[in-house]
Amino acid sequence: VFVKDQTSFSLRVRQRSQRCYSETNQNKNPSWNTDKSIDFSHHLAFLRETKNLTLLREREAQINQTHLEDLWIIKGALVQAFTRCNARTDAERIFQTCTNPPAKLWQDMILCDLRHNDLEKASQRLARMAKLNIEPVTYIWTGFVDYYERTRQLPDAFELLSNASRRYRPDRSSWFKLMCAFGKDGELDAQKKTYHKMTSLGHVMDQRGWNALLNSFGKSGRVDEMLELLDDMKKSSGSISDVTWATILDALGRANP
């Protein structure tokens, strides 16, 4: 009964969840005490909002007493809640009981692994997704770049995104984040290589990306290369913002005091 029409069901649950959660926050006596369907929605609302691990474990015990723990949507919400609290052991325990978990739950577990600096486990999950033909969602790639930036292994991030592009299409934001991370580390050749790679894959640079790239080369005194990139920008976008011109003029001023 809960899974025939997931879209409309999720909308009804969300609407009821918002009301129940609001009632609880206002210390009212919500009707979920006597209505099992609202009780379900109240649990779901709590799981979608809480960041308190102690209260979350108490709520899981309540859910188990009401025999709602086997519902796919409750299991998913529990996994997401525990990963939000960075409680990987609890999340893993429930994740292992899920049948055919969707890409979003795989993502939550992988991001939690990376926050715990467990690259091996995150990579194993990613490989498992590939075997199951589950396409990774956007934030997985950004999460890996975050990890490699934090551990100062940016070349490995470039290799990961490049290899992933043979089968998937890591989004522009993950490439952009990697390009900026190389710029922050002063690795301008790697930054430029990342720019060429992402554009060769069909990603279009926006003003923010161009400004970050030009700023890195301008501040480093590599003015000729900056001007070459400016020509690329003109051909690509056809317009140059005031911020970009300010970056160019500042770099030229430092190069020719």
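The values are calculated or read from the model by the stated rules, or taken from the named source; none is laboratory data. The shown structure was predicted, so the numbers you read here are calculated from the model rather than taken from an experiment. All Cβ positions, even for glycine, are placed from backbone atoms using ideal geometry, and neighbour counts span all protein chains on display. Heads up: the accessible areas ignore ligands, DNA and RNA and are worked out on the full protein's heavy atoms, side chains in. Shrake-Rupley method; radii C 1.70, N 1.55, O 1.52, S 1.80 Å.
General remarks:
- Taking every residue in segment 225-240 that is open to solvent by 60 Å² or more (accessible area, probe 1.4 Å) and pairing it with any residue that is of a type in the set (Ser, Thr, Tyr), at least 6 positions away or on another chain, yields no pair with a Cβ-Cβ distance below 7 Å.
- Matching residues, segment 78-89, being open to solvent by 20 Å² or more (accessible area, probe 1.4 Å) and in a helix (DSSP H, G or I): Gln80, Arg84, Arg88, Thr89
- The residues listed here are Arg152, Arg169; of these, the one that is under 29 Å from Ile240 (Cα atoms) and open to solvent by 70 Å² or more (accessible area, probe 1.4 Å) is Arg169.
Residue-wise test of (1) closer than 26 Å to Gln96 by Cβ; (2) crowded, with 16+ Cβ neighbours inside 10 Å; (3) modelled with pLDDT under 95.
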residue	(1), (2), (3)
Glu120	yes, no, no
Arg125	yes, yes, no
Ala130	yes, no, yes
Glu135	yes, no, yes
Tyr139	yes, yes, yes
Tyr148	no, yes, no
Ala157	no, yes, no
Leu160	yes, yes, no
Ala164	yes, yes, yes
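- Segment 217-226: number of residues that are over 13 Å from Ile248 (Cβ atoms) and part of a helix (DSSP H, G or I): 0
- Being of a type outside the set (A, V, I, L, M, F, W, C) and out of contact with any helix residue (DSSP H, G or I) (no Cβ under 7 Å at 6 or more places or on another chain) holds for only one residue in Asn215, Asn211, Asn163, and it is Asn163.
- Cross-chain or 6+ apart pairs with Cβ under 8 Å, segment 121-147 first and within 21 Å of Gln191 (Cβ to Cβ) and part of a helix (DSSP H, G or I), then open to solvent by 10 Å² or more (accessible area, probe 1.4 Å) and of a type in the set (Ser, Thr, Tyr): Thr142/Ser173
- Against the list (1) within 30 Å of Ala246 (Cβ to Cβ); (2) over 17 Å from the mean Cα position of the chain (by Cα); (3) among the aliphatic types (A, V, I, L, M), the condition Ala127 fails is (1).
- Just one of the listed residues (Ser216, Ser220, Ser200) is within 24 Å of Ala157 (Cα to Cα), of a type in the set (S, T, N, Q) and open to solvent by less than 60 Å² (accessible area, probe 1.4 Å), namely Ser216.
- Under the condition of being open to solvent by less than 40 Å² (accessible area, probe 1.4 Å) and not hydrophobic (A, V, I, L, M, F, W, C), the residues counted in segment 172-197 number 5.
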